[in-house]
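Comments concern the structure below.
The values are calculated or read from the model by the stated rules, or taken from the named source; none is laboratory data. Every value quoted in this text rests on a predicted model; they were computed, and no experiment measured them. As a convention, Cβ positions derive from the backbone with ideal geometry for all residues, glycine included, and neighbour counts pool all protein chains shown. For accessibility, only protein heavy atoms count, side chains too; no ligands or nucleic acids. Shrake-Rupley method; radii C 1.70, N 1.55, O 1.52, S 1.80 Å.
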Amino acid sequence: MSETNMEEKVDQTTNSRTISLPISRVRLIMKSSPDVSCINQDALFLTTKATELFVQHLALSSYENGSSKDTNSLSYSDLADTVEETETFQFLTDILPKKILARDYLKTLEEMEKEDDNL
């Protein structure tokens, strides 16, 4: 085994220890884009690490602002509230919408229809 191959193998082992998301999944997601034809290993590692840090930041912010802090847990509603209330995360509102009951949604639709009829 050449010295370069050995360095790459050590590099990959070191990199895989510093991230917890599966690199193969990130690669699969990146390759699902029609704009991506080839993925550099460094770009893959950095994208994986950045994604991991982003998810940690979202989870920590949601936990600190959430209602489940007393039970030492994190719920979907904590995430949805944080996304709605924090400007940094507002681009995720379509992905993490607040949950509403079907009857509340139908009531809102009826009210909107009444308003439209009045116009």
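Relative to the current alpha-carbon distance between LEU109 and GLU64, full extension at 0.36 nm per residue lengthens the span by 12.8 nm. For ASP94, the solvent-accessible surface computed with a 1.4 Å probe is close to 140 Å², ligands and nucleic acids excluded. Accessible area per residue was computed with a 1.4 Å probe on protein heavy atoms; THR88 scores about 90 Å². The label point for ASN72 and the one for THR51, both projected 7 Å from the Cα toward the Cβ, are 3.0 nm apart.
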